[in-house]
Amino acid sequence: MKILVTGSSGHLGEALMRTFADGPHEAIGVDIVRSPYTQVLGSLADRAVVDACMKGVDVVLHAATLHKPHVATHTRQDFVDTNITGTLNLLEAAVVNRVRSFIFTSTTSTFGDALTPPPGSPAVWITENVVPIPKNIYGVTKVAAEDLCQLFHRDQKLPCLVLRTSRFFPEEDDAAERRAAFQEANLKTNEFLYRRVDIEDVVTAHLLAMEKAPELGFGKFIITATTPFLREDARKLGVDAAAVLRRRVPGYEAIYARIGWTMLPTLDRVYDNERARTLLGWAPRYDFQRVLHAVASDIDPRSELARLVGKKGYHPK
């Protein structure tokens with residue numbers, strides 16, 4: 001099987017290409033940035049580039065994107081060109097080439113303002129049924145690209161699955177107040193409770209999605225670590241998250257106290273991955289308890305794949 005991986009020089013793209021390197025499939029990487037994992041150098045906004053690298057392709061894993069940090073360095077038109085036009089070019093070429101699975105890597109950032117309830121309100125329990133309210137050009141263009149995928153499934157019968165991934169980048173948090181309040185490892189471990197996922201689990205979700213797409217046709221899936229919280233915890237999480245965590249993960253507090261860490265006082269949202277686990281058969285390995293036990297044993301909690309990919313930053317304009 002021939003697989004096209006877009007954004008192959010990025011975090012997820014490299015992780016996918018590394019995974020395919022020793023397997024039975026032929027993987028072709030395309031990106032605008034050179035790397036050992038990129039065979040085709042070019043922009044997806046250029047239809048000629050897309051047509052050239054799509055020949056003979058069975059599966060498209062579309063991870064290329066301008067990300068949220070690019071809002072500060074790129075124009076809105078840049079976002080439209082990459083995230084919308086690039087996706088449209090790929091979808092059109094996928095139909096022509098009779099691609100059997102098209103997997104679009106989206107983001108939980110699409111939910112936007114739906115993620116931030118007023119202070120003191122219950123945490124928002126985020127499932128795929130929550131309607132996105134994008135708050136910047138990044139979110140707007142990712143939602144538009146998701147809609148294109150749905151359109152091509154409906155009208156051209158192209159099997160398309162959308163994976164809305166939560167945070168898996170190793171870079172420091174983009175909020176200055178959180179960076180000031182928490183050690184980086186403490187903050188990222190907290191995030192496994194409600195909005196983070198290890199890149200190995202993201203890769204596994206993509207592999208399952210490309211196999212399931214012909215059967216499922218179309219679907220949107222939240223890809224995040226399995227939370228220990230239940231929907232019934234939402235109200236308490238909005239006012240005293242530590243109390244809920246003491247009940248759901250007994251013993252966490254002693255570990256945190258020993259290493260000088262703190263829990264977030266409240267949570268504004270919790271991502272729920274139940275649909276991905278049920279329909280894709282996805283079983284993410286890295287959750288809060290696994291990460292917590294690794295930290296307690298002075299072991300790097302990241303997967304081997306996460307360590308290999310490391311930090312990349314975000315490409316400049």
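Restricting attention to the range 7-40 and to residues that are in contact with a helix residue (DSSP H, G or I) (Cβ under 7 Å, 6 or more places away or on another chain) and of a type in the set (Val, Ile, Thr), the residue that is surrounded by the most Cβ atoms within 10 Å (Cβ to Cβ) turns out to be Val30.
Evaluation of Phe79 against the conditions (1) closer than 28 Å to Leu193 by Cα; (2) modelled with pLDDT under 95 shows that the sole unmet condition is (1). Within the range 74-115, being among the β-branched types (Val, Ile, Thr) and out of contact with any helix residue (DSSP H, G or I) (no Cβ under 7 Å at 6 or more places or on another chain) holds for Thr75, Thr82, Thr85, Val96, Val99, Thr108.
Looking only at the range 63-107, filter to residues that are more than 22 Å from Pro214 (Cβ to Cβ) and among the hydroxyl-bearing types (Ser, Thr, Tyr); which one of those is nearest to the chain's Cα centre (by Cα)? Step by step, filter the range 63-107, then rank; the result is Thr107.
Can you tell me which residues in the range 172-202 are under 26 Å from Glu304 (Cβ atoms) and loosely packed, with under 14 Cβ neighbours inside 10 Å? Of everything in the range 172-202, those that are under 26 Å from Glu304 (Cβ atoms) and loosely packed, with under 14 Cβ neighbours inside 10 Å turn out to be Glu172, Gln183, Glu184. Among the residues of the range 264-314, those identified as in contact with a Gly (Cβ under 8 Å, 6 or more places away or on another chain) and over 30 Å from Gly217 (Cα atoms) are Thr266, Leu267, Asp268, Lys312. Among the residues of the range 144-155, those that are under 13 Å from Asn83 (Cα atoms) and in contact (Cβ under 8 Å) with a residue 12 or more places away in the chain comprise Ala144, Ala145, Glu146, Leu148, Cys149. Being within 18 Å of Val295 (Cα to Cα) and either touching a Pro at 6+ places or on another chain (Cβ under 7 Å) or of a type in the set (Lys, Arg) (or both) is true of Ala225.
The values are calculated or read from the model by the stated rules, or taken from the named source; none is laboratory data. The shown structure was predicted, so the numbers you read here are calculated from the model rather than taken from an experiment. Cβ coordinates were reconstructed from backbone atoms using ideal geometry, including for glycine residues, and neighbour counts include every protein chain displayed.
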